[in-house]
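I have placed the structure first, in the form of structure tokens, so that the comments after it can refer back to it.
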Amino acid sequence: MFLDVSALNCQTARMNKRLKYPTPVSVSEAVKQLNNGAVVAMPTETVYGLAGLASNDYAVLSIYETKGRPRFNPLIVHCADINMAEEIAEFPALAHKLATAFWPGPLTMVLPKRSDAQLSDLVTAGLETVAIRLPAHPIAREMIGNLGKPVAAPSANPSGKLSPTSANHVIEGFGGEVPVVDGGDCDNGIESTIVAVGSDALTLLRPGSISAEELASVTGAPVGASSSAEIVAPGMLKSHYAPNAAVRLNAETANEGEVLLGFGEIGANAKNLSPTADLREAAKNLFSFLRALDQTGAKTIAVAPIPNEGIGIAINDRLARAAADRKD
Ligand code: TXA
Ligand code: MG
């Protein structure tokens, strides 16, 4: 059949007009844009982050606006190395132990902010503390290392929606308005563990792939759970990580009109987070499978029970928020 290439070109041109960044950008382009105060999506080992220069009010404001995020919800600062992190925050002895054991990696520490930290006040939403992590993803490390300055980066999704674990998720989420560096699918697939570090105790603010037991065993310090009355933190907003469909938890089978998200033997023939019941595999697949099932247009996603141990605790935390009442 005759192929009208000029019509195709016109169509592509129209698409490019709609999507400012329909395809990923290079690391050097991303660094250039960050230096200019623009926001860029960057891959990390947990989920993609929406990065901007942490010292630049304009860049940080753009992050909040692009996400539609309430400004009272502070951002995580991402550093290339411990020296960069020490310019921003005080490191009690426990923080050094945690950094040695888990950085670079999926651990965010909430630490006292240094009074001379070169940070936009918007990053910390006026708090005296700052959340910091050193991502392990080689592209994130290269970007921040080449930039030579810390970047603020929340997850690169519109506020309240599912976190992105691939470059395409980010392009979908922001309609191509944000440049994305493609680092493939995220290995962990679930956001970092967040811990507030005190002088002799730790408080778990958000469960992630590094468990409370691991934090305790590395530091020898007690790890308390956060009480929402005390600290407003990660995903403390009740309805978070929400697909458009409703979510029904601990389902053994799908009812009529539902699609099933399986785990282990439950839903062997359905979309299954891990047929071998491997919790790490399930975490990696969680957001992308919820997204895929959401795109079927089903009214409800029924999710098989997930064992509440290890990273299963973080998976259940995200699922509970996905299932929470949206009216809040
Ligand atoms: O894995 C991750 O942590 C990803 C990647 C991109 O690094 N980032 C991420 O950011 O999940 P975000 O903004 O979606 O979640 C960070 C959470 C926020 O809910 C915020 O409440 C909490 O960290 N947070 C930030 N600064 C804080 C502080 N000073 N005290 C308590 N919580 C804080
Ligand atoms: Mg988030």
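For region 246-323, the share of DSSP beta bridges that are antiparallel, to the nearest 5, is 10%.
Taking a Cβ cut-off of under 13 Å around Glu65, the surrounding Lys, Arg, Asp and Glu residues balance to a net charge of +1, with basic ones at +1 and acidic ones at -1. Summing Lys and Arg as +1 and Asp and Glu as -1 over all other residues whose Cβ lies under 12 Å from the Cβ of Leu134 gives a net charge of -1.
Would you please classify the overall shape of the chain from the alpha carbon gyration tensor, given that a ≥ b ≥ c denote the square roots of the eigenvalues, rounded means a/c under 1.5, and beyond that prolate means a/b larger than b/c while oblate covers the rest? Oblate is the answer for the chain, as a/c is 1.5 or above yet b/c matches or exceeds a/b.
Computed over the chain, the per-residue total of -39500 (n - 2.57) for DSSP H runs of n ≥ 4 gives a 222 nm mean residue ellipticity of -9500 deg cm²/dmol, rounded to 500. Couplings 3J(HN,Hα) for region 262-277, derived from phi with the Karplus relation 6.51 cos²θ - 1.76 cosθ + 1.60 (θ = phi - 60°), are x, 8, x, 6, 7, x, 4, 9, 9, 5, 10, 4, 6, x, 8, 6 Hz, where x marks Gly and Pro.
Karplus-based coupling profile of region 280-293, in residue order and whole Hz: 5, 4, 5, 4, 4, 8, 3, 5, 6, 6, 4, 4, 5, 5, with θ = phi - 60° in 6.51 cos²θ - 1.76 cosθ + 1.60 and x standing for Gly or Pro. How much net charge surrounds Pro150 when only the other residues with a Cβ under 15 Å from the Cβ of Pro150 are counted, with Lys and Arg +1 and Asp and Glu -1? Its environment carries a net charge of -2. The slack between His96 and Asn168, meaning 0.36 nm per residue of separation minus the straight C-alpha distance, is 22.3 nm. Of all DSSP bridge pairs formed entirely within the chain, close to 45 percent run antiparallel.
A straight chain from Asp200 to Ser28 at 0.36 nm per residue would run longer than the Cα-Cα distance by 57.7 nm.
What region 5-225 shows is 41 Å² of accessible area per residue, with the surface traced by a 1.4 Å probe over protein heavy atoms. Available extension along the chain between Ser159 and Leu127 is 9.5 nm, counting 0.36 nm per residue and deducting the alpha carbon span.
For the chain, the number of Lys pairs separated by eight or more positions or lying on different chains, with C-alpha atoms closer than 15 Å, is 6.
The values are calculated or read from the model by the stated rules, or taken from the named source; none is laboratory data. Here the structure is a predicted model, which is why all the values come from computation and not from measurement. As a convention, Cβ positions derive from the backbone with ideal geometry for all residues, glycine included, and neighbour counts pool all protein chains shown. These accessible areas exclude ligands, DNA and RNA; they are computed on the full protein's heavy atoms, side chains included. Shrake-Rupley method; radii C 1.70, N 1.55, O 1.52, S 1.80 Å.
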